[in-house]
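Shown next, in structure tokens, is the structure this report addresses.
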Amino acid sequence: PTPAPTPASTPMPTQAPTTTTTTTPPEVISCVAFGDPHISTFDNGRRLREYGALDHEGMWNKLRELRASSEDRGEGIRTAGWVTNDREGDIWLVRSSRIHIQARCSARGWIREVVIGGPFMSNHKLMVSTDDSRHGRLDDVKIMWDGAQILPSLGSEFREDGFVYAHFDQNLFYKEVLKQHSPTHWRSFREVRSLEATLGSGVQVTVNMVDGKSVGSILDVFITMPVQADGQDGQCGKAQGDFEWDRQGAAVAAEDSLLTPRPNGLSLSAISAHNEPAGCESATLSRERERCAETLNKTGAPMSVLFVDACAVDVCAGGAEMIDHVAHVSLQAYYKMVAPALATENCQFVVKPWNQFFWDPSCYNGKLGCLADGRNVECRFCGGKNSYASIPCPQGLLTR
């Protein structure tokens with residue numbers, strides 16, 4: 001008989017290859033605008049982080065390099081890596097498809113108003129505004145949400161779920177730090193107030209409200225945000241590594257303005273003509289630089305020396321009190337842009353502590369909270385409910 005055919009085996013199905021998608025979070029970039037104003041663009045912010053760990057000698061060498069490169073580009077020695085917008089007008093600090101941050105600058109460029117809005121806030125607006133004159137006082141500064149005044153007193157908070165958490169208070173941490181260097185320092189008897197705002201999409205904004213004495217109340221702005229997929233521009237720059245910026249292109253057109261409408265329909269969308277600083281002791285700003293360097297060398301943060309040239313220009317424009325103002329901003333920039341990374345890299349705990357900590361260049365042996373890891377005196381505990389509760393932690397910069 002014919003043998004039965006052997007049944008064919010059914011082949012096992014071929015399994016489709018699996019793929020794993022790794023999403024890299026966008027880079028976090030930072031911009032600072034202060035004084036009349038000087039702007040550390042997103043690109044320069046990267047540079048500040050890079051230089052932050054250098055000692056004083058290394059920082060001075062970097063400053064000389066920046067001055068030389070500024071001269072090579074024909075920008076003048078005073079720039080030293082900073083963008084300086086010393087003109088009156090309404091400007092974009094950050095302009096992207098979703099994030100809109102604008103500022104109003106008065107004569108000489110002092111920032112008097114800042115507004116944050118755009119699609120990432122569903123077109124809500126957070127605004128800080130002061131008197132556009134030399135007579136403005138800190139008590140006249142208004143903080144508004146969609147046109148309604150909020151945060152009426154120091155220590156108050158405001159929350160709009162999904163959009164903003166804001167806290168308004170004295171800038172006590174920086175006052176404490178600078179008092180260590182001189183008991184008669186301006187921060188020991190003058191007040192700086194700060195708005196700390198955490199917004200959606202990873203955006204954080206700090207606005208300092210400063211009594212500029214002869215120039216009235218002025219604002220400083222610190223912006224931290226992720227790089228936008230479709231790009232960003234404005235006076236904070238494009239974050240493309242080219243250090244380029246467009247002064248006229250950063251002017252706010254009247255139809256795009258989120259700022260307070262000008263009386264009688266006056267528009268400042270066109271940035272005014274350049275103003276040369278007045279009141280300088282020396283044509284080359286050498287004397288102003290000497291005075292600035294003397295104070296900035298005492299902040300405890302070597303990065304402060306990068307602010308010497310900006311300080312010299314502000315002394316011409318606003319008087320000697322601007323030296324102390326720039327010293328404060330330089331130290332604040334250090335704690336916002338450098339200290340967290342340095343704490344993570346340099347504090348050497350055997351076991352991670354429950355207490356928060358940061359890298360404080362003003363530390364010395366015996367100062368409360370310093371030598372937190374038992375190895376590095378600059379590693380300092382802060383906050384909590386224990387003996388370190390009296391040491392304020394830099395808001396938004398906590399490490400643990």
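The values are calculated or read from the model by the stated rules, or taken from the named source; none is laboratory data. Because the structure is a prediction, the values reported are computed rather than measured. Here the Cβ positions follow ideal geometry from the backbone for every residue, glycine too, while neighbour counts run over all protein chains shown. Areas reflect the complete protein model, heavy atoms only, side chains present, ligands, DNA and RNA absent. Shrake-Rupley method; radii C 1.70, N 1.55, O 1.52, S 1.80 Å.
Miscellaneous remarks
- Filtered residues of the stretch 203-219 (kept if farther than 13 Å from Y165 by Cβ and either among the hydrophobic types (A, V, I, L, M, F, W, C) or in contact with a Pro (Cβ under 8 Å, 6 or more places away or on another chain) (or both)): V207, M209, V210, V215, I218, L219
- Of all residues in the stretch 61-105, those being modelled with pLDDT under 70, touching a helix residue (DSSP H, G or I) at 6+ places or on another chain (Cβ under 6 Å) and open to solvent by 60 Å² or more (accessible area, probe 1.4 Å) number 1.
- Taking the criterion of being at pLDDT 85 or above and closer than 26 Å to C316 by Cβ, the residues of the stretch 194-233 that qualify are V207, N208, M209, V210, S217, I218, L219, D220, V221, F222.
- Test: residue in the stretch 324-333 that is open to solvent by 10 Å² or more (accessible area, probe 1.4 Å) and either over 23 Å from T284 (Cα atoms) or under 19 Å from the mean Cα position of the chain (by Cα) (or both): yes
- Qualifying residue in the stretch 343-360 (condition: open to solvent by 50 Å² or more (accessible area, probe 1.4 Å), at pLDDT below 80, touching a Ser or Thr at 6+ places or on another chain (Cβ under 8 Å) and not aromatic (F, W, Y)): yes
- Only one entry of L126, L138 meets the criterion of being open to solvent by less than 30 Å² (accessible area, probe 1.4 Å) and at pLDDT 90 or above, and that entry is L126.
- Considering residues of the stretch 260-314 that are modelled with pLDDT of 85 or more and assigned to a loop (DSSP other than H, G, I, E, B) only, the residue surrounded by the fewest Cβ atoms within 10 Å (Cβ to Cβ): P261
- Residue list for the stretch 147-171, restricted to those being assigned to a loop (DSSP other than H, G, I, E, B) and within 23 Å of S122 (Cα to Cα): G147, L151, D161, G162, F163
- Among residues that are aromatic (F, W, Y), in contact with a Gly (Cβ under 6 Å, 6 or more places away or on another chain) and part of a loop (DSSP other than H, G, I, E, B), Y364 is not included.
- Failed condition for L398, given (1) surrounded by 19 or more Cβ atoms within 10 Å (Cβ to Cβ); (2) modelled with pLDDT under 80; (3) among the aliphatic types (A, V, I, L, M): (1)
- Members of the stretch 160-192 that are at pLDDT 85 or above and either within 18 Å of C31 (Cβ to Cβ) or surrounded by 20 or more Cβ atoms within 10 Å (Cβ to Cβ) (or both): V164, A166, F168
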